[in-house]
Amino acid sequence: TKIYQRLTGTLLLRRSHKTKEIPVIFITAKKETEDLVAGFKAGGVDYITKPFQQEEVCSRVRTHLELVGLRKSVEEQYNRVREVLENTLSGSVGLLTEILSGFDPDIYDHATRLKELARQVSASLKVKNAWELDLAAMLAPIGYVSIPREIIEKTKKGVNLSKNEREILAGVYEAGSQILGRIPHLKQVSNIVLYLGKYYDGEGFPYDSVVKKNIPYGARILKILGEMLKLEDNGKKRLEALDSMRLPRGRYDPDVLESVYKIFASEKTHEKIGEESISVSVKELKVGHTLARSVMSLEGENLLIEGTKLSKMKLNLLLNHSKLSGLKEPVYIRDINPEL
């Protein structure tokens, strides 16, 4: 009875936040395996059998207190390293997003729309590690910064590219993958981006033997969503675009394509969010405001697209343009209170 009373006390220590880290050493005259197992299950970390020596008890106590201190030290170091890595990841992603937004508004707009679609689809499909799909969608075009500007402009205008230009353009996702692969914890994101130029049947870049289900799941999802956006930009309705992608067979993962079709078919509307907008002057803009309409220069240049959330860098861009050459005012935002 006494041993079970002591075990109950140990269990109570383990249940309290204040005392759960205290190492419990139980002293017993019983040597049966069943009794010792019961002691360890209750939360004991060690035991001493009777009769015992005072020196042995003191030595065991010192050892376990040192172990507790060592474990806390390791946990503190781990938490510091994790914080550094998380800050590095957050800062790197933020910097790449800023670079992309300033590099080409159209490419950034496509990436932003793709990210929103990816979030919606990953939530419906319960995609594991959905944040990786989210980042892959947003940062996939970062490889365009390594592509000569004239090639990008030719692509936008529908001008035929030379063989060399097509090969350069085909490597845009490989370039993006290499950039992302240098950032801690983005190995899988990098792998998704690498295979965005690959069709389900194995055609496309990279030119390797990876086909069908061996292509990363995230890449198969984004391939469909990206193609759907292009077809929408060319005038097709969403379901019409997805339906047209069923033929020829083998270009896209049929299971993912069918799932995506069902997700959007179940919606009542596919119109963009942004029902209400508020007009403000440039001087009233704050970090965290979301643009309800694109911001244009007086010359008609598209500076920031609709849906852009103002960072300090983007806000400074607008303020500087306003001082130098002026902007078309008022500026329209979605909310008066910025979400920081």
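The values are calculated or read from the model by the stated rules, or taken from the named source; none is laboratory data. Source: prediction; values computed, not measured. Cβ atoms come from the backbone with ideal geometry, glycine included; neighbour counts cover every protein chain shown. Just so you know, the surface numbers come from the protein's heavy atoms only, side chains and all, with ligands and any DNA or RNA stripped out. Shrake-Rupley method; radii C 1.70, N 1.55, O 1.52, S 1.80 Å.
Scanning the range 175-210 for residues that are open to solvent by less than 70 Å² (accessible area, probe 1.4 Å) and acidic (Asp, Glu) turns up ASP201, ASP208. For the range 276-297, indicate whether the set of residues that are modelled with pLDDT under 80, touching a helix residue (DSSP H, G or I) at 6+ places or on another chain (Cβ under 9 Å), surrounded by fewer than 18 Cβ atoms within 10 Å (Cβ to Cβ) and polar (S, T, N, Q) is non-empty. The answer is no, given that none of the residues of the range 276-297 is modelled with pLDDT under 80, touching a helix residue (DSSP H, G or I) at 6+ places or on another chain (Cβ under 9 Å), surrounded by fewer than 18 Cβ atoms within 10 Å (Cβ to Cβ) and polar (S, T, N, Q).
Take the residues in the range 114-147 that are in contact with a Leu (Cβ under 8 Å, 6 or more places away or on another chain) and in a loop (DSSP other than H, G, I, E, B), then tell me which one is nearest to PHE264 (Cα to Cα). Once the filter is applied, the top-ranked residue is VAL127.
Among the residues making up the range 211-257, those that are free of Cβ contacts under 8 Å to residues at least 60 places away in the same chain, open to solvent by 70 Å² or more (accessible area, probe 1.4 Å) and not in a loop (DSSP other than H, G, I, E, B) are LYS212, LYS213, ASN214, LYS230, ASP233, GLU240, ASP243, PRO254, ASP255.
Let me confirm something: among GLU167, GLU150, which residue is touching a helix residue (DSSP H, G or I) at 6+ places or on another chain (Cβ under 9 Å), open to solvent by 40 Å² or more (accessible area, probe 1.4 Å), in a helix (DSSP H, G or I) and farther than 17 Å from HIS110 by Cα? Every option except GLU150 fails the conditions.
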